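Reviewing the structure listed below.
The values are calculated or read from the model by the stated rules, or taken from the named source; none is laboratory data. Note that the coordinates shown come from a computational prediction; the quantities given were computed from them, not determined experimentally. We place every Cβ from the backbone using ideal geometry, glycine too, and count neighbours over all the protein chains shown. Calculation scope for accessible area: heavy atoms of the full protein, side chains included, ligands and nucleic acids excluded. Shrake-Rupley method; radii C 1.70, N 1.55, O 1.52, S 1.80 Å.
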Amino acid sequence: MSAPAAPGRLRPPAFPANWPARLAWAGLVIYTIYATSVLDVTLARFIAGLGNAGHFLSRMFPPNMAPDKLALIYTGMVESLQIAVLATFAGVLLSLPLGLAAARNLAPVAVYGPARAFIAICRSFHPVIVAILFVKAVGFGALAGVLALIVATMGFVAKLFAEVVEEMNPKQVEAVRATAAPFLNVLIMAVFPQVMARFVGLTVYQFDSNLRNSTMVGIVGGGGIGAPLFTAYQRFDYDVVLTILIIIVALIMLCELVSGRVRRIFQ
Amino acid sequence: MNALSPVTQAAKPPRVWHRFTPAERIGRSMVYVLSAIAVVWSLRTIEVIPEFLYDAPEQTADLFRRMWPFDWAFYPEQVHDALIETFHIATLGTLLALVLALPLAFLAARNFTRNPALNWLAQFIFVSSRSVNSLIWALLFVAIFGPGALAGVMSIAFRSIGFIGKLFSEALEEAQKGPVEALTATGAPRAMILVKGYWPQVEPAFWSVALLRWDINIRESAVLGLVGAGGIGVALDASLNNLYWDQVGLILAVIFSVVVVTEIVTSWLRARLI
Amino acid sequence: MTHAASAATPAEGSAGLLAIRHLRKEYRAGQPVLKDISLDIEGRGVTAIIGPSGTGKSTLIRCINRLVDPTSGEIWFEGRDLARLRGDALRLARRRIGMVFQEYNLVERLSVIENVLSGRLGYVPAWRAFLRRFPADDVARAFDLIDAVGLGEDFATRRADQLSGGQRQRVGIARAIMQSPGLILADEPTSSLDPKTSVEIMELMAQISRERSIPIVINIHNVELARRYAQRIIGMSRGEVVYDGSPDGLGDSHLKEIYGGEDWL
């Protein structure tokens with residue numbers, strides 16, 4: 001490229017072919033074909049499945065509204081909600097100091113290194129897997145679910161909170177530091193005002209997410225609606241499954257509505 | 001210190017200052033009180049068996065003792081193939097979700113599709129997709145397609161449509177009008193406006209969302225096997241049921257390493273692509 | 001480079017509030033930004049530090065309240081060597097030094113009065129700051145200061161990000177006075193403002209220095225403003241003091257030495 005342009009040289013085309021991009025696209029297509037064949041995902045199975053789907057759906061409708069089932073579902077659903085509330089509360093409380101400790105601009109290396117590593121471990125396992133371990137440690141029941149979701153909350157809220165803190169304006173902090181404010185007062189009057197709105201946003205988002213997952217930890221014995229759901233599924237009581245699904249989706253949508261409100265109050 | 005004359009201070013009553021207006025205070029107090037009630041209510045009704053709790057440290061120690069040393073021989077037997085399957089499920093599921101979510105996102109973006117009914121329909125699909133956990137999607141698809149990777153791919157895809165579609169349609173709505181209007185003014189056909197007006201602006205966002213979801217899906221696909229939807233979760237489920245904790249430990253370690261590698265790869269790709 | 005105006009340094013033993021001795025700062029080893037600075041600041045009036053950008057003015061000011069740690073030297077203020085203080089002792093000494101910033105550096109999401117009350121953060125315990133239960137005296141003084149810097153009560157509850165540059169700088173000045181400081185440092189307080197507002201802000205600072213007997217040290221690159229409002233001018237070039245004396249004594253030859261060249265004169 002360093003050679004001077006010869007007089008007769010052609011100009012480069014206005015839209016040069018982007019060979020790396022083309023190769024990447026081709027690779028993606030080849031991978032898709034390969035992976036589909038490896039996984040034995042065939043059109044025949046897919047079409048056969050569509051037949052099953054009709055059968056499946058017909059067994060689902062109408063949803064089962066028997067009072068004894070509804071009572072069972074109510075108990076499970078309330079427990080799921082409680083798991084989500086407790087896990088969010090405790091998890092967020094722990095995430096606040098953890099997130100500050102994991103922020104490069106506030107904490108010394110000796111603090112933020114371990115904090116980051118701890119957060120990374122919290123993040124790497126799906127809540128259901130963490131629930132398996134807690135069921136073994138503290139026994140079947142809601143407590144295992146709560147503990148599993150606390151871990152998930154720390155993995156998400158503390159990580160993103162640390163990033164928010166790292167993005168804040170350092171000049172505002174410097175100015176408050178210059179007033180001779182001790183560290184805690186700097187946090188309260190210079191750091192928190194900049195990051196609290198985002199923290200509340202993360203919290204309500206995580207509550208929604210915890211609610212979704214609290215319906216799942218029951219599959220491995222972590223309490224909540226998951227156990228009745230899985231039992232009904234294994235007994236082919238698909239009409240009960242549908243009732244539970246409708247209630248879960250309704251509750252989650254309701255919570256998203258409420259959390260939108262909360263976010264507006266704290267912005 | 002205080003240079004103001006005492007006269008002015010005496011003439012005026014001391015001024016008070018409140019951080020929030022009364023309305024703001026009521027709103028905040030309500031959130032605090034309701035949250036406190038929710039926590040107390042949850043704490044009172046949730047069942048904690050004290051015996052189990054006292055036992056917890058011992059049980060945890062026991063858990064790790066049983067896990068170590070790992071059953072390394074189990075890796076070539078079952079874990080390796082299951083791991084590859086998990087990877088394929090996550091990747092194919094993400095690709096399928098991208099293909100399905102892309103047109104829906106254009107339908108949902110109010111600046112591209114000026115039809116409220118279509119916007120609403122696409123939004124509704126996104127919300128339904130997101131409200132159902134991928135494990136629940138897996139239950140449904142296992143019932144339809146039978147146990148195996150196909151159900152896994154479908155559940156990953158269906159859970160991801162809402163996530164990708166929502167974030168991508170938001171990126172579309174934030175796209176600048178300038179280039180789009182310029183193209184519209186030249187009388188370009190609608191497909192052309194899409195490819196040359198919108199796509200260049202939102203392509204980085206598209207790949208960023210795709211990578212983010214792929215990263216999440218690697219984690220999610222590891223548990224789908226617990227309900228029979230293929231992947232490493234099937235092996236995990238079997239080992240758990242048999243209480244072979246040395247195998248469980250191995251599988252968890254493998255999942256952990258894959259997740260770490262995925263994070264490294266996605267952050268590398270993100271830095272290069274975006 | 002010689003200390004051209006070393007004769008103009010005030011005699012030892014005068015009302016020296018701040019005494020800087022052999023101050024040196026290197027961000028990178030072997031490349032000093034400040035080379036052996038020695039200065040005495042008296043307990044009254046406005047002192048302006050002038051000089052081209054990148055000459056260490058800002059570093060000098062920040063060394064005084066230790067936002068930047070000096071490499072070596074002494075900074076005597078109210079009987080203590082700030083350069084040697086650490087932890088709580090440094091914090092307590094810093095309470096007596098207010099600072100005004102070029103970009104105001106208000107906490108944007110807080111109200112005007114909260115920003116002014118920030119000046120008391122070295123005095124109030126954390127629970128008070130957290131609940132915003134500042135002592136009634138502090139709140140009354142904050143209101144008075146908001147009046148005194150020319151903003152008025154209506155501004156008290158406005159959020160800082162809704163203010164214009166000049167209004168923000170007034171809040172920044174009120175915050176500094178709120179500390180009850182024995183010295184105010186101002187780092188290019190007018191550089192982000194338009195000419196008219198710059199004059200107003202300088203006027204305000206000169207008035208405060210006069211009425212409340214607070215000495216102010218101002219970094220400023222605008223020579224005209226410095227001449228108009230300062231009783232003493234310190235000219236810096238390449239990390240050294242090259243002029244120190246009254247505004248009247250500052251001639252073109254000095255400016256040439258400070259800024260180099262003469263095309264701009």
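Select from segment B:143-153 the residues that are open to solvent by less than 20 Å² (accessible area, probe 1.4 Å) and more than 8 Å from chain A (Cβ to nearest Cβ) and list them in ascending order.
Of everything in segment B:143-153, those that are open to solvent by less than 20 Å² (accessible area, probe 1.4 Å) and more than 8 Å from chain A (Cβ to nearest Cβ) turn out to be B:151, B:152.
Answer yes or no as to whether residue B:273 is more than 9 Å from chain A (Cβ to nearest Cβ) and open to solvent by 80 Å² or more (accessible area, probe 1.4 Å).
Considered against the rule, which asks whether it is more than 9 Å from chain A (Cβ to nearest Cβ) and open to solvent by 80 Å² or more (accessible area, probe 1.4 Å), residue B:273 comes out as yes.
Can you tell me which residue within segment C:230-255, out of those that are farther than 15 Å from residue C:37 by Cα and polar (S, T, N, Q), is modelled with the lowest pLDDT?
So the residue we want is C:253.
Restricting to segment A:174-193, what's the tally of residues that are aliphatic (A, V, I, L, M), farther than 22 Å from residue C:182 by Cα and within 7 Å of another protein chain (Cβ to nearest Cβ)?
4
I'd like to check which helices (runs of 4 or more DSSP H) are fully inside segment B:167-274 and have at least 3 residues that are under 27 Å from the mean Cα position of the chain (by Cα).
Output list reads B:199-224, B:232-241, B:245-273.
Could you please give the count of residues in segment A:247-266 that are open to solvent by 70 Å² or more (accessible area, probe 1.4 Å) and either facing another protein chain (nearest Cβ under 10 Å) or within 16 Å of residue A:56 (Cα to Cα) (or both)?
So the answer is 3.
Counting only residues that are open to solvent by 20 Å² or more (accessible area, probe 1.4 Å) and charged (D, E, K, R), give me the helices (runs of 4 or more DSSP H) lying completely in segment C:89-196 with at least 3 of them.
Qualifying helices (runs of 4 or more DSSP H): C:136-148.
Any chance you could count how many residues in segment B:61-106 are open to solvent by 70 Å² or more (accessible area, probe 1.4 Å), under 30 Å from residue B:165 (Cα atoms) and in contact (Cβ under 8 Å) with a residue 60 or more places away in the chain?
So the answer is 1.
Test residue B:127 against the stated conditions and say whether it is under 19 Å from residue B:150 (Cα atoms) and open to solvent by 20 Å² or more (accessible area, probe 1.4 Å).
Judged against the criteria, residue B:127 is not a match.
Given the criteria more than 8 Å from chain B (Cβ to nearest Cβ) and β-branched (Val, Ile, Thr), does residue A:47 qualify?
So residue A:47 fits the description; yes.
Based on what the data block shows, is residue C:36 over 18 Å from the mean Cα position of the chain (by Cα), free of Cβ contacts under 8 Å to residues at least 40 places away in the same chain and over 22 Å from residue C:216 (Cβ atoms)?
Considered against the rule, which asks whether it is over 18 Å from the mean Cα position of the chain (by Cα), free of Cβ contacts under 8 Å to residues at least 40 places away in the same chain and over 22 Å from residue C:216 (Cβ atoms), residue C:36 comes out as no.
Can you name the condition, by its number, that residue C:155 falls short on among (1) free of Cβ contacts under 8 Å to residues at least 60 places away in the same chain; (2) closer than 15 Å to residue C:226 by Cα?
(2)
Determine whether segment A:178-197 contains at least one residue that is under 30 Å from the mean Cα position of the chain (by Cα) and either over 27 Å from residue C:102 (Cβ atoms) or at pLDDT below 90 (or both).
Yes, the conditions are met somewhere in segment A:178-197.
With respect to residue B:168, determine if the residue is open to solvent by 30 Å² or more (accessible area, probe 1.4 Å) and not aliphatic (A, V, I, L, M).
no
Just to verify a result, which residue in segment B:238-259, among those that are of a type in the set (A, V, I, L, M, F, W, C) and open to solvent by 60 Å² or more (accessible area, probe 1.4 Å), is nearest to residue B:222 (Cα to Cα)?
Across segment B:238-259, the extreme among qualifying residues is B:256.
Can you name every residue in segment C:213-233 that is in a loop (DSSP other than H, G, I, E, B), open to solvent by 50 Å² or more (accessible area, probe 1.4 Å) and either of a type in the set (D, E, K, R) or in contact with a strand residue (DSSP E or B) (Cβ under 7 Å, 6 or more places away or on another chain) (or both)?
Listed by number, the residues that qualify are C:221, C:231.
Kindly evaluate residue A:21 against the criterion of being modelled with pLDDT under 80, within 22 Å of residue B:154 (Cβ to Cβ), assigned to a helix (DSSP H, G or I) and more than 9 Å from chain B (Cβ to nearest Cβ).
No.
Okay, residues lined up against (1) outside the structural domain of residue A:143 (by TED's automatic domain parsing); (2) touching a strand residue (DSSP E or B) at 6+ places or on another chain (Cβ under 8 Å); (3) open to solvent by 30 Å² or more (accessible area, probe 1.4 Å):
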position: A:35; (1), (2), (3): yes, no, no
position: A:49; (1), (2), (3): yes, no, no
position: A:74; (1), (2), (3): no, no, yes
position: A:77; (1), (2), (3): no, no, no
position: A:86; (1), (2), (3): no, no, no
position: A:92; (1), (2), (3): no, no, no
position: A:101; (1), (2), (3): no, no, no
position: A:110; (1), (2), (3): no, no, yes
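So for segment A:184-198 (the condition being open to solvent by 30 Å² or more (accessible area, probe 1.4 Å) and of a type in the set (Phe, Trp, Tyr)), does at least one residue qualify?
Looking through segment A:184-198, at least one residue is open to solvent by 30 Å² or more (accessible area, probe 1.4 Å) and of a type in the set (Phe, Trp, Tyr).
Taking the residues in segment B:137-191 that are touching a residue at least 40 places away in the same chain (Cβ under 8 Å) and among the polar types (S, T, N, Q) as candidates, determine which candidate is nearest to residue B:122 (Cα to Cα).
B:169
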